[in-house]
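Structure first, then comments.
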Amino acid sequence: MATTPDVPTWVGELDRLAPARDLDVDPRFAAARLLVTVGGTPQGQVTVPLSGGRATAAELALAVGGLPAADTVAAAPSATDPVTVVVATRNRPESLARCLRAVLASDHPALSVVVVDNDPDDERTELVVRAAGSDRVRYVREPRRGASIGRNRGLAEARTEIVAFTDDDTEVDPAWASRIAGAFAADPELACVSGPVLAARLASPEERAADVALAWNKGFTPRRFTLAEPPADSPIFPFAPGLFGIGANLAVRASAARAVGGFDEAMGPGTPTHGGEDCEFLVRTILAGHVLGYAPGAYLWHHHRPDQAALRKQMEGYAVGLGSFLAKVALSPQGRSVALRRLPAAVARLRHISDREAGAGDAMPDSGLVERGSRLARGGWAYLQRSREVRRNGGAVPPMRLPERSALVPAHIRRAAEAARVRAEAAAHVGPTAVPAPRPDQQAEADDDRGAAELARNSAA
């Protein structure tokens, strides 16, 4: 994994099969982090020092020379099976517009998008969807707040077997959806696939600190996870936060995701627990006997928090979310019995996470051991309260280990999806809508602040 000095760092891509040339970017950047690809398949990342925003082709070649030869990289599998992309969002129209531009620039020929607007304050999100000008994008207004609720609604609305989830602060690679489909096609046993989440910008100290502390990029080696074959590098498997990926880059077989109960609506952004929902969903999927995969070719770019206040709020939220996840494990008889055997390793893992955050740079907000413990406890208490509330209102709080029966997404979500489908068909006087092929003119002109996905089009070679 590439290390990045704590200086303004440009982010882009370098394809080893493209003609070599110098890198010349804004002189305020003192370094460049480059995603090295071979014909579009990612191989690794390198960091190159810049002088006045410049690095020669020879300097780039020297940096890339530390990676294995290009001919050792196998092309990422790709397929055209239909994919539905779900984006749950609330009151962030600018980020959503950027996200949709990237998704609609996909090379996938059978892509549809469901934007779930969770308890919005206004009509701005709906206006962004309209402005996208694509009949591949569908707007759904969900009256209840919460990312898990939005994802469950999107899962209920999806008309394809492959459903991919991303957040409104990401920009997906053009081949992202095709490679997600390719991963499922290459391994029919997979129930879920994740991929790398790369920093879109490393210009501010806070963005660089977040990148170190969060460690969302899990490398560029394909992986497969099952209960029958525990990974040697995770002594707390399967209760390993982040091992399987995160919700910003996650795809499922819809039938498997519905069978395990969807996302826990008492957890995640938009609720008092703030997070933990993606980790809990993945652990529950593994415990149900499903196979999870990591596909490094299905990568995307994430816009980290660029200022101190936003970063502090994010890190606090993740600690509270981790506490909610641990509380759910502790409350589950089956999950608790498995987790207790891994307690010493879990304590060591929490210490490692704490040390990683402490070493993320001066921009990382200070938080001592007592404060971290308080946040974990707050997350556990928040989950207890929120789960009771969600159950009373008929929402989804699936158990950590399911009984021997199928558990679907909540009935009220399925009814809402069915009602929306019937209304749409009645209005069109036709059957279910087919997924059209993308048009080559869908990609909008980039603005100056788009980040790494746009920078990649001007990247070094």
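The values are calculated or read from the model by the stated rules, or taken from the named source; none is laboratory data. Nothing here was measured: the structure is a model prediction, and the numbers come from that model. Cβ atoms come from the backbone with ideal geometry, glycine included; neighbour counts cover every protein chain shown. Remember, those area values only see protein heavy atoms, side chains included, never the ligands or the DNA or RNA. Shrake-Rupley method; radii C 1.70, N 1.55, O 1.52, S 1.80 Å.
The one condition from (1) at pLDDT below 70; (2) within 18 Å of Phe237 (Cβ to Cβ); (3) open to solvent by 10 Å² or more (accessible area, probe 1.4 Å) that Val291 does not meet is (1). The residues of the range 86-118 that are part of a loop (DSSP other than H, G, I, E, B) and either touching a helix residue (DSSP H, G or I) at 6+ places or on another chain (Cβ under 7 Å) or farther than 25 Å from Gln45 by Cβ (or both), listed by number, are Arg90, Asn91, Arg92, Ser106, Asp107, His108, Pro109, Ala110. Within the range 50-57, not a single residue is in a strand (DSSP E or B), of a type outside the set (Phe, Trp, Tyr) and within 24 Å of the chain's Cα centre (by Cα).
Counting only strands (runs of 3 or more DSSP E) wholly contained in the range 167-269, the ones carrying 1 or more residues that are modelled with pLDDT of 95 or more and more than 15 Å from His302 (Cα to Cα) occupy 190-194, 223-225, 249-253.
Contact annotation: residue pairs with Cβ atoms under 8 Å, 6 or more positions apart or on different chains, pairing a residue in the range 287-310 that is of a type in the set (Lys, Arg) with a partner that is part of a helix (DSSP H, G or I), are Arg305/Glu206; Arg305/Glu207; Arg305/Ala210; Arg305/Leu311; Arg305/Lys313; Arg305/Gln314. Filtered by the rule that a residue be open to solvent by less than 10 Å² (accessible area, probe 1.4 Å) and of a type outside the set (A, V, I, L, M, F, W, C), the range 253-270 gives Gly261, Gly262, Asp264, Glu265, Gly268. What pairs come out if I take residues in the range 136-163 that are in contact (Cβ under 8 Å) with a residue 60 or more places away in the chain and outside any strand (DSSP E or B) and pair them with residues that are open to solvent by 20 Å² or more (accessible area, probe 1.4 Å) and polar (S, T, N, Q) whose C-beta lies under 6 Å away, six or more apart or interchain? Here the result reads Arg136/Ser112, each pair linking the range 136-163 to a residue that is open to solvent by 20 Å² or more (accessible area, probe 1.4 Å) and polar (S, T, N, Q).
Of all residues in the range 61-85, which are touching a residue at least 24 places away in the same chain (Cβ under 8 Å) and part of a loop (DSSP other than H, G, I, E, B)? Leu67, Pro68, Val73, Ala74, Ala75, Ala76, Pro77, Ser78, Ala79, Thr80, Asp81, Pro82 - these are the residues of the range 61-85 that are touching a residue at least 24 places away in the same chain (Cβ under 8 Å) and part of a loop (DSSP other than H, G, I, E, B).
Condition check ((1) among the charged types (D, E, K, R); (2) modelled with pLDDT of 95 or more; (3) open to solvent by 50 Å² or more (accessible area, probe 1.4 Å); (4) at negative phi) across all residues:
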| residue | (1), (2), (3), (4) |
| --- | --- |
| Ala57 | no, yes, no, yes |
| Gly66 | no, no, yes, yes |
| Val86 | no, yes, no, yes |
| Arg90 | yes, yes, yes, yes |
| Ser95 | no, yes, no, yes |
| Arg98 | yes, yes, no, yes |
| Arg101 | yes, yes, yes, yes |
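Checking the conditions here, which among Gly335, Gly321 is open to solvent by less than 10 Å² (accessible area, probe 1.4 Å), on the phi < 0 side of the Ramachandran plot and modelled with pLDDT under 70? Being open to solvent by less than 10 Å² (accessible area, probe 1.4 Å), on the phi < 0 side of the Ramachandran plot and modelled with pLDDT under 70 holds for just one of Gly335, Gly321, which is Gly335. Scanning the range 8-26 for residues that are farther than 17 Å from Arg201 by Cβ and either open to solvent by 20 Å² or more (accessible area, probe 1.4 Å) or without any contact (Cβ under 8 Å) to a residue 12 or more places away in the chain (or both) turns up Asp15, Arg16, Leu17, Ala18, Pro19, Ala20, Arg21, Asp22, Asp24. For the range 311-330, filtered to residues that are of a type in the set (A, V, I, L, M) and free of Cβ contacts under 8 Å to residues at least 60 places away in the same chain, the residue that is nearest to Gly380 (Cα to Cα) is Ala327. Cβ-Cβ contacts under 6 Å between residues 6 or more apart (or on different chains), taken from a first residue in the range 86-113 that is free of Cβ contacts under 8 Å to residues at least 60 places away in the same chain to a second residue that is crowded, with 19+ Cβ neighbours inside 10 Å and part of a strand (DSSP E or B), are listed as Val113/Val85; Val113/Val137.
Among the residues of the range 200-252, the ones that are open to solvent by 30 Å² or more (accessible area, probe 1.4 Å), over 16 Å from the mean Cα position of the chain (by Cα), closer than 23 Å to Ala183 by Cα and touching a residue at least 24 places away in the same chain (Cβ under 8 Å) come to 5 in all.
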